[in-house]
Amino acid sequence: MAAMWISFLVFVMAVVIWFIFKREIVTAIFYIKSGELWLVGLVWPKAEVLRQQMLNTPIKGVDIAELVGLVTEVGTFYMIPVMILLVILGALLFNRGVGTRFKTVYTMKTLLAKEYKNWPQITPVVKEDLVSIDIDQGPWAMAKTPMEFAKTQGLLKIQRRALEEGMLRKDAKLVATLVKPKANQLFVKQLGPLWRGTEALPMHVKALFAAFAARIAGDAEASHALLMQIAASANGGKLNFSGVKALLAKHENNPLVETTVSHHAYVLTVMASILNIARASGVLASADFLWLKVIDRRLWYMLNAVGRQTPTVEVAGPFGHWCIEATLERPFKTPMIENATHALDEAIQSQIYSE
């Protein structure tokens, strides 16, 4: 009902406006239509004839029906040109639209092959078919869970829970207990070699140290260039370490670099802190040295753990030692791996053992 009243009021207002402002309305419409007819009349003489007739028509004598007829007749001149224009615009939209411009369907393999030059970090996996490879096998295998790690390293003592009254033998579950002395020995081995200066480092470690030191010293461009150079060469051939010695010589004596190194006793803990300090000036993602995982899995997981609350169990020993050195800001040659053993024991106890 309200809609009907609104429609009625609108109609009444339109009639009132027409009678009060008829001359102004007709004059404005004639002016606009005269311009439209003049434009069409440049190529269509009949339009110019209609324009002259309209200009010679007395405004006072024009009623609503004549005005509507005039507007309709002018519209017929524009109908065909507008249709042609719409067809042209439609064709342009069709050819340049998102749906027609993006026609190529990529697989993960073809997308890698197309984009690795723009993103050198992914070069190490361009030739790999990681989807079809067992996720737990080979150099690209994912990190092991605490239980899997303890199983493969022989760190578990398996016992069957004692039978209680009313229990059948099949109901007695197996219980895994961590052999802590063996776990301690393994975590000590994880620490790796002591720090004996950059000259004693393998070339790949030396390259990363140089890149991190350059970032600490404010030479971010050289740091990024070296990391991208190495990544781009990681396509199955020999890694390109050219320029490492020069960059290392330039920045290894930086005061902040020397101070950071002095707080640690092992190669892994030094590298973790150098990376941590380097990140103070911006993002330095693990993906920038993805190639490292294949040639030095332990160092890769150590650096990958920097910034995390917990590491993977494969570097739990050095990570725990690093946390103590970093907190106290002094090197410890004596392995501090008790926290790693305690954490592994806690993880084992929280899981149900299955053969």
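The values are calculated or read from the model by the stated rules, or taken from the named source; none is laboratory data. A quick note: this is a predicted structure, and the numbers were derived from the prediction, not measured. When we count neighbours, we look across all protein chains shown, and the Cβ atoms used for this are built from the backbone with ideal geometry, even at glycine.
Can you run down the residue pairs with Cβ atoms below 7 Å, 6 or more apart or on separate chains, where the first is in the stretch 182-193 and in contact (Cβ under 8 Å) with a residue 12 or more places away in the chain and the partner is part of a helix (DSSP H, G or I) and among the β-branched types (Val, Ile, Thr)?
Correct list of pairs: Ala183/Thr341; Asn184/Thr341; Phe187/Thr341; Gln190/Val315; Gly192/Val267; Pro193/Val267.
Specify which of the listed residues (Val306, Val315, Val283) is under 30 Å from Val175 (Cβ atoms), within 30 Å of the chain's Cα centre (by Cα) and of a type in the set (A, V, I, L, M).
On the way: Val306 fails: under 30 Å from Val175 (Cβ atoms); Val283 fails: under 30 Å from Val175 (Cβ atoms).
After applying the criteria, what remains is Val315.
Does Thr334 meet the test of being more than 30 Å from Leu156 (Cα to Cα) and surrounded by fewer than 17 Cβ atoms within 10 Å (Cβ to Cβ)?
Taking the combined requirement at face value, the residue does not satisfy it.
Assigned to a helix (DSSP H, G or I) and either of a type in the set (Gly, Ala, Ser) or in contact with a Cys (Cβ under 6 Å, 6 or more places away or on another chain) (or both): does that describe Gly307?
Answer is no for this residue.
Checking Leu256 against (1) farther than 23 Å from Ala287 by Cβ; (2) surrounded by 18 or more Cβ atoms within 10 Å (Cβ to Cβ): exactly one of these is not met. Which one?
With respect to (1) farther than 23 Å from Ala287 by Cβ; (2) surrounded by 18 or more Cβ atoms within 10 Å (Cβ to Cβ), Leu256 is out only on (2).
So Ala347 ticks every box in (1) over 22 Å from the mean Cα position of the chain (by Cα); (2) surrounded by fewer than 17 Cβ atoms within 10 Å (Cβ to Cβ); (3) more than 21 Å from Pro193 (Cβ to Cβ) but one. Which box is left unticked?
Condition not satisfied by Ala347: (2).
The rows are residues; the columns are (1) touching a Lys or Arg at 6+ places or on another chain (Cβ under 6 Å); (2) exposed (fewer than 13 other Cβ atoms within 10 Å of the Cβ); (3) modelled with pLDDT under 90.
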| position | (1), (2), (3) |
| --- | --- |
| Ala162 | no, yes, yes |
| Lys170 | no, yes, yes |
| Val175 | yes, no, yes |
| Arg196 | no, yes, no |
| Ala200 | no, yes, no |
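Does Lys127 qualify as being loosely packed, with under 15 Cβ neighbours inside 10 Å, under 29 Å from Ile230 (Cβ atoms) and at pLDDT below 90? Spell out how you get there, then give the answer.
On the way: loosely packed, with under 15 Cβ neighbours inside 10 Å: yes; under 29 Å from Ile230 (Cβ atoms): yes; at pLDDT below 90: yes.
Taking the combined requirement at face value, the residue satisfies it.
I want to confirm something. Restricting to the stretch 134-154 and keeping residues that are part of a loop (DSSP other than H, G, I, E, B) and in contact (Cβ under 8 Å) with a residue 40 or more places away in the chain, which single residue is nearest to Thr177 (Cα to Cα)?
Per the criteria, the residue is Thr145.
Take the residues in the stretch 306-321 that are among the small types (Gly, Ala, Ser) and in contact with a Lys or Arg (Cβ under 8 Å, 6 or more places away or on another chain); name whichever of them is surrounded by the fewest Cβ atoms within 10 Å (Cβ to Cβ). Walk me through how you get there before you give the answer.
In the first step, residues of the stretch 306-321 are kept if they are among the small types (Gly, Ala, Ser); the result is 307, 316-317, 320.
Then drop every residue that is not in contact with a Lys or Arg (Cβ under 8 Å, 6 or more places away or on another chain), which leaves 307, 317.
Values: Gly307: 11, Gly317: 31.
The selected residue is Gly307.
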